[in-house]
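Peer 1: Could you have a look at this structure, given as structure tokens, before my questions?
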Amino acid sequence: MRRFPVNLVLGAALAGSVTLVALLSFIWTPYDHAAIAVTNKFASPSFAHWLGTDQLGRDVVSQLMVAARNSMIVAFVSVVLGGGIGIVLGVYASARGGWVENLIMRVSDLSLAFPALLFAIMLAAVFGPSLQNTVIAIAFINIPIFARISRGAANQVWTREFMLAGQAAGMGRMTLTFDHVMPNIAAAIIVQATIEFAVALLAEAALSYLGLGAQPPAPSWGRMLSDAQTLLYLAPQLAIYPGLCIVISVLGFGLLGDSIRDLSDPRLRRER
Amino acid sequence: MSFFLLRRTGGLVLTLLAISIVVFAVMNVLPGDPALTILGIDATDDARAALRVQLGLDDPAPVRYVQWIAGIARGDFGTSYSFGVPVAGLIAERLPLTLSLALSGTLLTLVIALAAGLYSASRHGRTGDWAVMILSQLGIAIPAFWLAILLVLLFAVNLRWFPPGGFPGWSDPLGSLRSLVLPTIALAAVQGAVLARVTRSSALEVMRLDFVRTARATGLSPARVLWRHVLPNALVPVITIVGMQFAGVVTGTIVIENVFYLPGLGRLIFQSIANRDIITVQALVLMVAAVVVLANFAVDVAYALIDPRLKARLA
Amino acid sequence: MLDVSNLSVRFGDAYALRDASLTVHPGDRIGVVGESGSGKSMLAQALMGMVPESASMSGILKIDGTEMTRATEAQWRALRARRVAMIFQEPLAALNPLRRVGTTVMEPLRTHLGLSRTQARARTLDLFEEVGLPDPEQRLAAYPHELSGGQRQRVLIALALACDPKLLIADEPTTALDAEVAQRITDLLVRLSRDRAMALMIISHDLQVVARATRQLLVMYGGDIVERGETRKILSAPFHPYTRGLLAARPRPQLARPVPGTKRPRLPTIPGHIPALVDLPAGCRFSGRCPAELSRCRTTRSTEFRTGTGLAACHLLNPAERSKS
Ligand SMILES: Nc1ncnc2c1ncn2[C@@H]1O[C@H](COP(=O)(O)OP(=O)(O)OP(=O)(O)O)[C@@H](O)[C@H]1O
Ligand SMILES: [Mg+2]
């Protein structure tokens, strides 16, 4: 008795449309997102400016589109970077076992004490705030998450018979890792990556809201919100759109990841 | 039990030391010149060299690390570059606000999570359950700072029930409470949404167990079964997640303080970043990380207190 | 005190219990036997008003003269523990692991009978004494994991007795216990039933337990009560082909002799396997597996006829059938 996968469809639809809009922004936006027109500031939504203009007369839709692209790039790069390092560590830990595995897992436990925000704060204090720091900080928190997941999944693969057979046939642990472990843990990792992508989008928004992320003139949803917060009495609508964009994209990728996990492997099912 | 505590405490001390090394390494050993950061690129080489001497930056890093830790052990976190006063004093001044916010936020989080989670579990598969689940799914996707802005928009800008931000100081207790209401809600709503799902699934699992059937067969009312029998048993996973989420609460507090311009530690960190006040940032980051680790430690101990079976095994 | 007629429990079209009728008087000791899935627990749950939410109940179930088939949960709650109480198979799982057993037993005393803390405590001590728990004072403060299996089952019995029920249902009370302890628990139940003039219903796979503890017997298969009567007589002279199969499949006495530290042999088996609930034949549930099947068995259900030992629902007993053959 399989229900209609509402979450999957909804998640895919939301995530898909955000991705499409972000891609579209490379080739087309209604206006130049940075074009200032002071005479036309705080314009209300109209046919010319679908969501109106901001305090400098810039087109809101164009800014949101470019911001979508920026957010997704940050989230993508940091998940791939942190995930890549984490997977290598996790799989290596699993293949070596013993004290190496213990050490890697201990260290990754330790790094759970550093939320992305704290790491970004340290980097910002030393190097000044920048987009790169955001990427590094978010990538950093993804390392232990992926190390943990891939070690767990890899350890399961190592108990399977074909692995014993492989070892008996004299194949090296690294060869076995590439030939058998990696393909078998790929599904779990892709699911996790989708979920962490949503988390990264949320972290990027928070960091750029706090001024630790993308610097002007690069638009980002978080910074648009912190700008709008100073204008709440004048133009409350500007504080709505970027927030909705964040919710839609985070919800989309979160639902997508969760429902793929539920469909692909009920044993992994776990409430977030 | 005491052996368990001893071992856990030893692990805690080691972890704290390791964290301090990481913090120190990131802020001192990574290529980057604090003197350059502080004075900016316009400063002369001489001025930078002088500042470096003043900050003791010419000693080798391990020496400086040991000095730093030794100072902290004495309660001396160094002197803030920008405020010119001891960092410990700055922290002490702002800690009460941050603590109050974190505590009230955690409390409200628990209230929301337990109420929503248990309600949802007791209405499993019915409309009420669905409504709670949809709300919590949304809650997870909403950034706390945006929810905060929306709250300000509604309750401060439009309805004028609460101030949009700022803090009158503890000498005005009523005003202080009023200015903490919106921050507390913003902090708790999102965390509560995450925790409500955990509570629900944990309660559903417990409700399938035999002793719940016994309680029903004893003629106890559904409410009593839920609160006295299901809840305590469902609490263990919930507490685990509370511990794991504590990092989220702490960073949430930092963010929320900045949304509402509350003069707590979170504001202090950002002021210090803007002032290039590395010593202060370093001390604060260490403190926050330490709090996260301590929270996890507290959770481990709390387990043993909740669950007599565990207590027996640890004895 | 309990009057049941044509009680059925259905999941959609599948009957987990079909047209069960029985009467229970104070002091009765009734055994219920049958293979796994025959509806024994469903009968017990129905008597407690605790059938799963997905099930629907029909027929007449009178407790102390009150019709309960359509009673609300609140009405049931007023009867549970006070009229009908129940103990379960896995005593460890059936006790809240985070509560001291004393607290567990005191709870109904305080909520239902409105006793004060001290009164409830004194009453609990009496109950612990009555069910033969050693050192009752100390047991009050024990957690379930600190007790042995037999002691846990005694705690559950004390809990069930707390509000003086008129009927105690024990659903496989000894399956999880080793043989010697099982015997002592069984004897305890009998003693309690006698002392309190309380009706006792023991559900078991274990024919020895039933033989030892009960005077009347219900044999169930596929949701039907197929044979009933005096326990001793049915066990020595079963009539229904299903009962005969069940008894024939019973382990030899010398094999079943209790060996300390071992669990009792569980399921007696009859050749063939039990069809799923929805695949049961519409007539006699046993048709298809029955060695003495008649052509009409599959489609029509027999009413109950007298046997030498009691009643059985089997067409073989129908005078009309007998005259044919
Ligand atoms: N929630 C449910 N939904 C559907 N069918 C159920 C449900 N609960 C029980 N049943 C069915 O009802 C029938 C009777 O079950 P019951 O538990 O009364 O058997 P039993 O005689 O107690 O068996 P056992 O000796 O294994 O305890 C079984 O076929 C079972 O599959
Ligand atoms: Mg049963």
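Peer 1: Take residues that are within 14 Å of chain C (Cβ to nearest Cβ) and surrounded by fewer than 22 Cβ atoms within 10 Å (Cβ to Cβ) and tell me which of the helices (runs of 4 or more DSSP H) falling wholly in the range B:192-294 contain 1 or more.
Peer 2: Hits in the range B:192-294: B:210-217, B:231-259.
Peer 1: Within the set of pairs 6+ apart or on separate chains, which have a first residue in the range C:37-50 that is closer than 14 Å to residue C:81 by Cα and outside any loop (DSSP other than H, G, I, E, B), a second that is open to solvent by 10 Å² or more (accessible area, probe 1.4 Å) and within 6 Å of ligand 1 (Cβ to nearest atom), and C-beta atoms under 9 Å apart?
Peer 2: Taking only residues 6 or more apart or on different chains, the pairs are C:45/C:52.
Peer 1: Let me spell it out: the conditions are (1) open to solvent by 10 Å² or more (accessible area, probe 1.4 Å); (2) within 16 Å of ligand 1 (Cβ to nearest atom); (3) assigned to a strand (DSSP E or B), and residue C:227 meets all of them except one. Which number is the exception?
Peer 2: (1)
Peer 1: From the list C:9, C:84, C:51, which one is of a type outside the set (Lys, Arg), more than 16 Å from ligand 1 (Cβ to nearest atom) and either at pLDDT 95 or above or open to solvent by less than 40 Å² (accessible area, probe 1.4 Å) (or both)?
Peer 2: C:84
Peer 1: Within the range C:56-69, can you find the residues that are assigned to a loop (DSSP other than H, G, I, E, B) and open to solvent by 20 Å² or more (accessible area, probe 1.4 Å)?
Peer 2: C:64, C:65
Peer 1: Is it the case that some residue within the range C:30-53 is away from ligand 2 (no atom under 16 Å from the Cβ) and within 12 Å of chain B (Cβ to nearest Cβ)?
Peer 2: yes
Peer 1: On the given criteria, is residue A:150 within 30 Å of residue A:12 (Cα to Cα), within 12 Å of chain B (Cβ to nearest Cβ), touching a residue at least 40 places away in the same chain (Cβ under 8 Å) and of a type outside the set (Val, Ile, Thr)?
Peer 2: Answer is no for this residue.
Peer 1: On to the next question. Residue under question is residue A:124, and the condition is that it be open to solvent by less than 10 Å² (accessible area, probe 1.4 Å) and either away from chain B (no Cβ under 14 Å) or within 22 Å of the chain's Cα centre (by Cα) (or both); does it hold?
Peer 2: Details: open to solvent by less than 10 Å² (accessible area, probe 1.4 Å): yes; either away from chain B (no Cβ under 14 Å) or within 22 Å of the chain's Cα centre (by Cα) (or both): yes.
Yes, satisfied.
Peer 1: Examine the range A:116-126 for a residue that is at pLDDT below 80 and not in a helix (DSSP H, G or I), and state whether such a residue exists.
Peer 2: Among the residues of the range A:116-126, not one is at pLDDT below 80 and not in a helix (DSSP H, G or I), which makes the answer no.
Peer 1: Hey, another quick one. For the range C:70-89, enumerate the residues that are farther than 22 Å from residue C:140 by Cβ and assigned to a loop (DSSP other than H, G, I, E, B).
Peer 2: Residues satisfying the conditions are C:70, C:71, C:72, C:82, C:83, C:89.
Peer 1: Related question: Looking only at the range C:87-96, how many residues end up being open to solvent by 20 Å² or more (accessible area, probe 1.4 Å) and more than 13 Å from ligand 2 (Cβ to nearest atom)?
Peer 2: 2
Peer 1: Continuing with this model, one more query. Any idea which of B:51, B:97 is of a type outside the set (D, E, K, R), in contact (Cβ under 8 Å) with a residue 60 or more places away in the chain and crowded, with 16+ Cβ neighbours inside 10 Å?
Peer 2: Among B:51, B:97, only B:97 is of a type outside the set (D, E, K, R), in contact (Cβ under 8 Å) with a residue 60 or more places away in the chain and crowded, with 16+ Cβ neighbours inside 10 Å.
Peer 1: Which condition number in (1) within 14 Å of another protein chain (Cβ to nearest Cβ); (2) away from ligand 2 (no atom under 16 Å from the Cβ) is the one that residue C:60 fails?
Peer 2: Going through (1) within 14 Å of another protein chain (Cβ to nearest Cβ); (2) away from ligand 2 (no atom under 16 Å from the Cβ) one by one, residue C:60 breaks only (1).
Peer 1: Could you say whether any residue in the range C:169-186 is surrounded by 21 or more Cβ atoms within 10 Å (Cβ to Cβ), more than 16 Å from ligand 1 (Cβ to nearest atom), more than 30 Å from residue B:308 (Cα to Cα) and touching a residue at least 24 places away in the same chain (Cβ under 8 Å)?
Peer 2: yes
Peer 1: Residue C:111 passes all but one of (1) away from ligand 1 (no atom under 16 Å from the Cβ); (2) among the hydroxyl-bearing types (Ser, Thr, Tyr); (3) more than 8 Å from every other protein chain (Cβ to nearest Cβ); which number fails?
Peer 2: Going through the list (1) away from ligand 1 (no atom under 16 Å from the Cβ); (2) among the hydroxyl-bearing types (Ser, Thr, Tyr); (3) more than 8 Å from every other protein chain (Cβ to nearest Cβ), residue C:111 breaks only (3).
The values are calculated or read from the model by the stated rules, or taken from the named source; none is laboratory data. Model, not experiment: these values are computed from the prediction. We place every Cβ from the backbone using ideal geometry, glycine too, and count neighbours over all the protein chains shown. For accessibility, only protein heavy atoms count, side chains too; no ligands or nucleic acids. Shrake-Rupley method; radii C 1.70, N 1.55, O 1.52, S 1.80 Å.
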